[in-house]
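Colleague: Pasting a structure below so you can have a look.
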There are 2 protein chains.
Amino acid sequence: MRLNQATPEQLREWETTLAEQYQAIQQAGLSLDLTRGKPSSDQLDLSNALDGILHGQYTDSSGTDLRNYGGLDGIPEAKTLFAGMVGVKPEEVMIGGNSSLTLMYFSLQTAMHQGVSDADSAWAKDGQTVKFLAPVPGYDRHFAACEHLGVELIPVAMDDNGPDMDQVEQLVQADASIKGIWCVPRFSNPTGVVYSDEVVQRIAKLGNIAGPNFRVFWDNAYAVHVLNDNAPELPNLMDYCRQQGTEDSVYIFGSTSKITFAGAGVAFIAGSPANLTVLKKHLGFTSIGPDKINQLRHVAFLKDSATLSEHMNRHAAIMQPRFDAVLSSLRSELGDTDMGSWTEPEGGYFISFDSRPGLAREIIALAAGAGVKLTPAGATFPYGNDPDDKNIRLAPTYPTVSEIEKAMEVFVTCVKLASVKQALAAS
Amino acid sequence: MRLNQATPEQLREWETTLAEQYQAIQQAGLSLDLTRGKPSSDQLDLSNALDGILHGQYTDSSGTDLRNYGGLDGIPEAKTLFAGMVGVKPEEVMIGGNSSLTLMYFSLQTAMHQGVSDADSAWAKDGQTVKFLAPVPGYDRHFAACEHLGVELIPVAMDDNGPDMDQVEQLVQADASIKGIWCVPRFSNPTGVVYSDEVVQRIAKLGNIAGPNFRVFWDNAYAVHVLNDNAPELPNLMDYCRQQGTEDSVYIFGSTSKITFAGAGVAFIAGSPANLTVLKKHLGFTSIGPDKINQLRHVAFLKDSATLSEHMNRHAAIMQPRFDAVLSSLRSELGDTDMGSWTEPEGGYFISFDSRPGLAREIIALAAGAGVKLTPAGATFPYGNDPDDKNIRLAPTYPTVSEIEKAMEVFVTCVKLASVKQALAAS
């Protein structure tokens, strides 16, 4: 089915057939959900040993009783583990509670009102306008945090190598009110892109272009979340920053949310000692210290990078068939059409689908009408505004393979029906 | 030893003796610490069963998998448990991470910038001055949170019934920029006072005096932390608020920090459904949900109010000898002098000592010189400023009884020496 080569008669014929198929699917009374970037129960089961793993051993290697107050920046063993995960030094890690989003929001809010260094460096000082670059499509919670704090978002394009760095550099050079950029550098949400070496190098240079108060928010949420052994590695941002003298220009975030228990993991921020000193100072007003016992559990469970890597392979074994179910449906049903394109990621949690322009909203509504819930149209763009109305984020980890197969049958039918209708209307 | 009746000769004699005693103590090379409101290891041991208590059972009563994301306001079972602890309805409870300070800071910050209801209710809107009442002596972290967020603190006096409510009402009526008051209503930090029925009733009426955006920050940190079975109960604030129609005027805070593991417990905020709706809306930008597994552990461990009460009795059995060690030293060494007064609390974590005016700093410095660390002078007052320089907070829970005995020997010697010196200088 190639719409660009079809006659109006063919289009009408296809529309009739597809409308019938859609009606048949509607009658099946499905209730399926492809919206959620959540691990499945099978994946969560992999970490069940966490509870009870301590066997009454509540001290760290220095003998500190981790049950008590204190330790604002985390326990040494966890710093070492997480430093290895994102390629920094242990002393460049500060550990938080169960949510990296909380650390991102905290860092953003601190930068806005207290400053990235001293009070003079506060982005929103004297009511100044603050802008952030948002590579699109991206993660809605990043955008929402900015919107909630009054930060204006400027979309920049993503390609297969990461953000369009020409555009990024131009914008940053032209507008001093741009104070940061959101990045999900490995298996980007939702495209699955891994930033290329050139892109990472150019990001490390942004601190020199943009001035001392600019910060890259490097949300390395999928740092170790590979689907296969050959998945592309992410170049080391902090190493490139050291070469450029821009260590202070980046905040690196990560967590075990999609490694152990999504809601009961451990989150961290990595950054230069200067940055951590500032953040720690302000954090001290909001907390006496994070849950160090849960940190200790994670160290006991994930141990080291080899153990962590084996653990992630077990995740991959559960996730790959789910990704395959989405991809094989897209390939077989839309592969030789001109009705859409999609990413085939080697890690992360999402597949990003682009319909023909102007159809995402329609496809999502059709799918909802047939009992399949998809991420709302525009969710991957600031202010919910996808200018081409084409991007749809598919999240295949949470449902079972057979649920995904049923959901994808609906999805491809909706894509085809919406596409044919649009072509007919234009013919 | 009554300084007011002593002759200069007696004073000189006493000074010589005390100076010798102080020198002898100095030579003992002590290193003791009475600064920390932290549970002892023995107390922490009471909750060692927490890790491993779930035995692979990770769902709540409704079947929700608590390992996964979500549940921003906490699990139902934990809401019920904590509602009972502070005397509200389960639907009036929202559960956070491990720190009630984090929830207090969050509530304060939200009220400042996003508002207690809509954006128009933001305290700091258009750069308005925001003031808070601080009953003194009080908790330094409350004051620090306000200072960090630019809230001006106005000290009000505490007596044996709680804050001086005449003063509180006058201030609130006279100055609309006063937006809240800090309260530690049961076993107040540091005085150990339990607010009287009349005080709690008058606090429930403040919402009607002060206007709709005023909030009582009711830090019920020691809600169940009794030292004996006859400890005075705290009247129920929320019940009085219901009578007054002021349910929206209070935020109630609590945690299990001093019930289970100080650093790995569960914190919560209780409030009217209207208040919780607003807080939850803003919280949703900073978190996908708290650690629900740790909530489940706490429910499995603390079960219900009867089990909780038994558990707190076990704490009391550990803490009472430590409080006794402080009190018996104060009674026997200072009881028939005019050199100070102190509280004899029936719960909480502190004993509050008032020296003769102008001596707290001196006594603390003398103790430090003899190897005994005390909470810094002024710490219990906003801006570290104790106008009478007399209040000293003693925290007897963390050291052992024999350490406390040694520390108190130093303390009373320092009190006497400083007092006699002052009297001599004035004679």
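The numbers here are math on the coordinates, done by the rules we state, and not lab data. What you see is a predicted model; the values in this text were computed from it and never measured. No Cβ is skipped: glycine too gets one built from the backbone with ideal geometry, and neighbour counts run over all protein chains shown.
Colleague: Taking a quarter of the surface of the convex hull around the Cα atoms of the stretch B:106-265, what do you get in nm²?
Modeller: 9.5
Colleague: Between the stretch B:373-394 and the stretch A:247-297, what is the separation of their alpha carbon centroids in Å?
Modeller: Value for the Cα centre distance between the two parts: 32 Å.
Colleague: On a 0 to 90 degree scale, rounded to 10, what angle separates helix B:165-174 from the longest Cα axis of chain B?
Modeller: Compared with the principal axis, the helix lies near 60 degrees.
Colleague: Still on this structure, I have one more. For the stretch B:68-169, what are the per-bin percents of Cα-Cα distances with bins 5 Å wide, up to the bin holding the maximum?
Modeller: Percent of pairs per bin, in order: 2, 11, 15, 16, 18, 19, 13, 5, 1, 0, 0.
Colleague: Next question. Based on the Cα coordinates of the stretch A:1-151, what is the per residue volume of their convex hull in Å³?
Modeller: Enclosed volume per residue, from the Cα hull, is 262 Å³.
Colleague: Would you mind getting me the FRET efficiency between B:Asp304 and B:Asp33? Use the beta-carbon distance for r and R0 = 30 Å, nearest 0.05.
Modeller: 0.25
Colleague: Could I ask something else about it? Hey, what D do you get for the stretch A:122-174 in µm²/s if you plug the Kirkwood alpha-carbon radius into Stokes-Einstein at 37 °C and 0.692 mPa s?
Modeller: Reported coefficient: 273 µm²/s.
Colleague: When the Debye formula is applied to the Cα atoms of the stretch B:288-406, each taken as the same point scatterer, what base-10 log of I(q)/I(0) results at q = 0.09, 0.12, 0.14, 0.22 Å⁻¹?
Modeller: -0.37, -0.59, -0.73, -1.25
Colleague: Something else: Given B:Thr337, B:Phe353, B:Gly87, which one lies farthest toward the positive end of the charge dipole of chain B, if we put +1 on the Cβ of every Lys and Arg and -1 on the Cβ of every Asp and Glu?
Modeller: Of the listed residues, the answer is B:Gly87.
Colleague: Which value, in debye to the nearest 20, gives the size of the charge dipole of the stretch B:328-402 about its Cα centre, when Lys and Arg are +1 and Asp and Glu are -1 at the Cβ?
Modeller: 280
Colleague: Moving on. Just need the relative contact order of chain B here, percent rounded to a whole number, with Cα pairs under 8 Å and 6+ apart.
Modeller: 26
Colleague: Rounded to whole Å and sorted largest first, what semi-axes of the equivalent ellipsoid does the C-alpha gyration tensor of the stretch B:359-417 yield via the square root of 5 times each eigenvalue? Numbers along the way, then the final one.
Modeller: Details: eigenvalues 84, 36, 13 Å².
Those come to 20, 13, 8 Å.
Colleague: In what order do A:Asp126, A:Asp159, A:Asp389 fall by count of nearby beta-carbon atoms within 10 Å, going from fewest to most?
Modeller: A:Asp126, A:Asp159, A:Asp389
Colleague: Work out how far the C-alpha atoms of the stretch B:387-427 reach from end to end along every principal axis, then list the three figures in whole Å, largest first.
Modeller: Principal extents (Cα only, largest first): 40, 23, 5 Å.
Colleague: Can you tell me the 0 to 90 degree angle between the C-alpha axis of helix A:197-210 and the longest principal axis of chain A, rounded to 10?
Modeller: The answer is roughly 60 degrees.
Colleague: So, one more: Taking chain A as the reference, fit the longest principal axis to its C-alpha atoms, fit the long axis of helix A:360-369 to the helix C-alpha atoms, and give the angle between the two in degrees, 0 to 90, nearest 10.
Modeller: 80
Colleague: Dipole of the stretch B:60-303, Cα-centred, from +1 at each Lys and Arg C-beta and -1 at each Asp and Glu C-beta, to the nearest 20 debye?
Modeller: Charge dipole of the stretch B:60-303: 700 debye, to the nearest 20.
Colleague: How long are the semi-axes of the equivalent ellipsoid of chain A, taking √(5λ) for every eigenvalue λ of the Cα gyration tensor, in whole Å from largest down?
Modeller: In descending order, the three semi-axes are 40, 27, 17 Å.
Colleague: Normalised radius of gyration for the protein assembly as shown, please: alpha carbon Rg relative to 2.2 N^0.38 Å, two decimal places. If you can, show how the numbers build up before the last one.
Modeller: Details: Rg = 30.4 Å, N = 854, 2.2 N^0.38 = 28.6 Å.
So the protein assembly as shown has a normalised radius of gyration of 1.06.
Colleague: For the stretch A:226-359, what log10 I(q)/I(0) values come out of the Debye formula at q = 0.10, 0.14, 0.20 1/Å, with one point per alpha carbon and no solvent?
Modeller: -0.54, -0.92, -1.23
Colleague: Next question. Taking a cut-off of 17 Å, what percent of all Cα-Cα pairs in the stretch A:240-302 are separated by more than that?
Modeller: Value for the stretch A:240-302 (Cα pairs over 17 Å): 54 percent.
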